[in-house]
Amino acid sequence: MRRLHLQFYFAILITISVFLCAVGAFWHLSTPPRSDVWGVEGASELARLLLPADGDRARDARVLKTLSQQFDSNVSLFDAAGRLAVNVGRAPVLPRGALPKVSGWNFGPGGPQWTLRLDDGRALVVHPRHFPRHGPGITLLLVAIGLAFALGAYPIARRLTRRLERLQQGVELLGAGYLGTRVAIEGRDEVAALARSFNTSAARIESLIGAQKMLLANCSHELRTPLTRIRMAIERMMTSPSAALRDELARSIAELDALLEELLLMSRLDALHSLERAEPVDLLALAAEESAYFNVPATGAPVSISGDVRLLRRMLRNLLANAARHAGGATLVEVAADPGGGGRLTIEDRGPGIAAPARERIFEPFFRAAGGAEEAAPAGTGLGLTIVRQVARAHGGDVQQSNIEGGGCRFVVTLPATHG
């Protein structure tokens, strides 16, 4: 996987390499061979013997002229007081206007120059002309290097940022309400990973919004039925009240109340990021309490888990009520330790079973399996199994449905020892 930071890193390495090559070329073009440097130093030492302190300026001028011609340099001789005595070529620009105290190379405003201190206090200064202060060739070289940098860096930077711009456009389209927006995944770096995460998030958002719209439509339909019955019962009560109408009105109100309670619980579980309360729960004891209401014995081994006892009780009650409503009642309620840790709750019934395509959809809100014995009975809110799965997942577990050979359904809920 080509990481984005490695691309930037290699770009920096290439930039530094080009810069060093440019500096090397500059140094090579502007610096004399080392043999020339040694020659300047050696010839200057010989000049010590050829420049005795006798004040013969004509001889000194001939010696300096010879050195200047041999080494293509500006040569100057200063007296002991630091005044210029003899000069051949351009006079040197001394650093800060003073001669160095010792012999050696120094870099003044005019460039590198060799200074030799003679025994009588005089100083011989050799300034090679190989060190031009300014040169059009070097300037052109640096301009060419700058252009090469500009031309080479632009496509690299553009390639990196073009994908980010496309990703930005995708985010803006998604924010504008186009939930089907997806971006192309290009490359194998962090930008590609970001595009992949965006597509996953966009698909998740689209799915959630679609589920919310479907839930709202189903809620409107499910609420309309008891409300219609209530309105009709009230109208009939106004003309001919009876005990049967009062009972029907009470049943409709109870159904409406149960539906609203299930909707509120489902919405709360949707917004639940962690359990509001958690305490040790004996899963077998809880299963025995709930199954007693349905005249089904709970079997198995005691298993202790950490969870919200109210939500776990509701999960058990919904499973048992679902079996009683659609399959004639549960035939088995069993609690066992899960091999992976935690507990496993199994509830079986003697119903006709669920077709394979509908085994996951039965956990969707208000789903009704179509056709034959699978068709759900009209009683109930249509949210029972949805809440079962929400409670199981809120505890870090899950629920699965399978058919029993010979007839019947089996619901298996796995719950870890601790949620999180």
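How do the peptides 171-177, 64-70 rank, highest first, by the average count of neighbouring beta carbon atoms within 10 Å per residue?
Taking the mean over residues of other Cβ atoms within 10 Å, the ranking is 64-70, 171-177.
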- Query: Given 0.36 nm per residue, what is the gain on full extension from residue 267 to residue 188 after removing their alpha carbon distance, in nm?
  - Reply: 24.5 nm
- Extension gain residue 98-residue 162, at 0.36 nm per residue separation less the Cα-Cα distance, in nm? 17.2 nm
- Using modelled amide H (1.01 Å from N, peptide plane; none on Pro or chain starts), what sits under 5 Å from the amide H of residue 303, excluding residues fewer than 5 places away? 283, 284, 285
- Item | Simple spin-label estimate for residue 62 and residue 216 in nanometres, 7 Å along Cα-Cβ | 11.0 nm
- To the nearest 20 debye, what is the magnitude of the charge dipole of the range 279-415 about its Cα centre, counting +1 on the Cβ of each Lys and Arg and -1 on the Cβ of each Asp and Glu? 280 debye
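Please report the antiparallel percentage of DSSP beta bridges with both residues in the range 279-415, rounded to the nearest 5.
Percent antiparallel among DSSP bridges in the range 279-415 is about 90.
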- Note on the structure: Least to most buried among 267, 274, by other C-beta atoms within 10 Å and fewest first, runs 274, 267
- What is the order of 404, 354, fewest Cβ neighbours within 10 Å to most? 404, 354
- Which stretch or stretches of the range 392-420 have amide N atoms under 16 Å from the point lying 7 Å from residue 337's Cα along the Cα→Cβ direction? 415-418
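Rule-based calculations on the coordinates, nothing more; no lab input. These numbers were taken from a predicted model, which means no experiment stands behind them. Glycine gets a Cβ as well: all are built from the backbone with ideal geometry, and neighbour counts include every protein chain shown.
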